[in-house]
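Structure first, then comments.
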Protein chains: 2
Amino acid sequence: MWSDGPVPPQRRDLRDPRGPAVARGRGARGGRAGAPRERRRASHSLESVLAETVALLDEAGEAGLNFRALAGRLGGGVGSIYWYVSSRDELLDRAADHVLGSVLDAVAPVGASEAGDPVDDLRTIAVTLFDAIVDRPWLGAYFMRNTEVQPNSLRLFEKLGQQVLRLELTPRQRFHAVSAVVGFVVGTAADMGQQPPEAVLSGEVGRDDYLAAAVDQWRALDAAQFPFVHHIADEFAAHDDADQFRAGLDLLLAGLRLQAGG
Amino acid sequence: MWSDGPVPPQRRDLRDPRGPAVARGRGARGGRAGAPRERRRASHSLESVLAETVALLDEAGEAGLNFRALAGRLGGGVGSIYWYVSSRDELLDRAADHVLGSVLDAVAPVGASEAGDPVDDLRTIAVTLFDAIVDRPWLGAYFMRNTEVQPNSLRLFEKLGQQVLRLELTPRQRFHAVSAVVGFVVGTAADMGQQPPEAVLSGEVGRDDYLAAAVDQWRALDAAQFPFVHHIADEFAAHDDADQFRAGLDLLLAGLRLQAGG
DNA sequence: ACCTGAACACCGTTCAAGT
DNA sequence: ACCTGAACACCGTTCAAGT
């Protein structure tokens, strides 16, 4: 799992350690009196850049996030974004972590009571994270990629781990358990969040019709060669993503419970 | 799981149903005798396009796959690739399925004996798929995205399902079980296959040193706020990706075994 | 210290022309 | 039926110049 570690110092592109200045509104109006239609100088902050990035991502998806569109929304030039992040990838890393702040807030109460069941608490956190990624499919690919610019990712990893700490396991088993949960949640959510085909997106074809059409093709396959596909065709046609995710998570957690001795 | 279904007919970009012509070598030399340095006309086939795509992907990664480089390797122009696929995405879909052929061959004997344990057989297939994705990280994102152009994806899904068919479960449970295994395998493998930082790739810093540097930063965190991170720091520093994957898979399979009643 | 925007290098895709 | 390659639209990134 390469993505789990903070990046070593030599990779970090060091900038002003104090970070960018606080936003000062929209900047003072420039030029002497009477100078016509002078564009005023825009002023940003990491906060506003990330907020606008997330908004654009929510509206247009990852493919719709580009520096020109983002600069337009921020009311400035493309170049200024590079003052706050050193690449599009880092922008996505930071945007992902930005959004994870809400997830962290949502799960803050979880695990507070020592009396609660650790595995149930683990499940609650996992489900919350899952929901967040389904809502924003781009999140999956950037979760915990670089813990140095993603403190919230690390805190969430820690939070999951703290529940497992209450189980009787070896450190190695605990590490594997949390990694497995994260892998399952992120992998499944990313898969489910994949762009449905154009016809569905545009509302031209409903999701149910889409699934039905897919299943019809499955049913047309040779039953002797594809017994399983035929066996689950009805289930697939009627399935709910969230149910499917939870069923898998419960399998994983049942195995964990067993390992922890009941 | 949008990606599980074949695409409905209306999305399919219908071409000659007989498919592209078989490769005819490198094409006849063109032009009348004596015409100097006339470039001969290249001739491809879906097979050769996919083989060259996979080769390029293996050498340069997904970021290195572009139409100009691919056309160069094929000895032709960019446009001709569009005779065989209608977009870069479809090229990746087909390339992924092309590679899955070997995975399918590798697991052909699995499950042949009714006497074998179905869960063990399921694990064997899962591990084989995992290894293939770790080797080619781009595979993960394109696995079972469009079963209409990915027959091998569907066959692999079927193969996993056939093992689960031997377990005493409801169709719904079987559907969920296979989906969970696929989600876990693909998600974990894709995560682990993520590009390590430049310094590691170039051999400038070894993987162990990289992990050690990451872990050092974890150890510098406040122990009261990050008890779990401290708890597993040693494990993380020494971990092996394949072990980690198998431990998680075994948790999932243990849960499945339990559900199947032993 | 921070912003601007033209310029560069590169890329997927199209299409009129060719064979 | 299949291939060619110039052209188009678009994109991340850089950087000299500005404030």
For segment A:45-136, radius of gyration divided by Kirkwood radius, i.e. Rg to Rh on alpha-carbons = 1.12
Could you give the alpha-carbon Rg of segment A:127-170 over 2.2 N^0.38 Å, rounded to two decimals?
-> 1.32
Can you give the three extents of the C-alpha atoms in segment B:104-186 along their principal axes, from longest to shortest, in whole Å?
-> 35, 25, 21
Mind pulling up the Rg/Rh value for segment B:129-262? Radius of gyration and Kirkwood radius, both on Cα.
-> 1.07
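Computed from the coordinates by the stated procedures, all read-outs in this text should not be read as laboratory data. If you're wondering where the values come from, they're calculated on a predicted model, not measured in any experiment.
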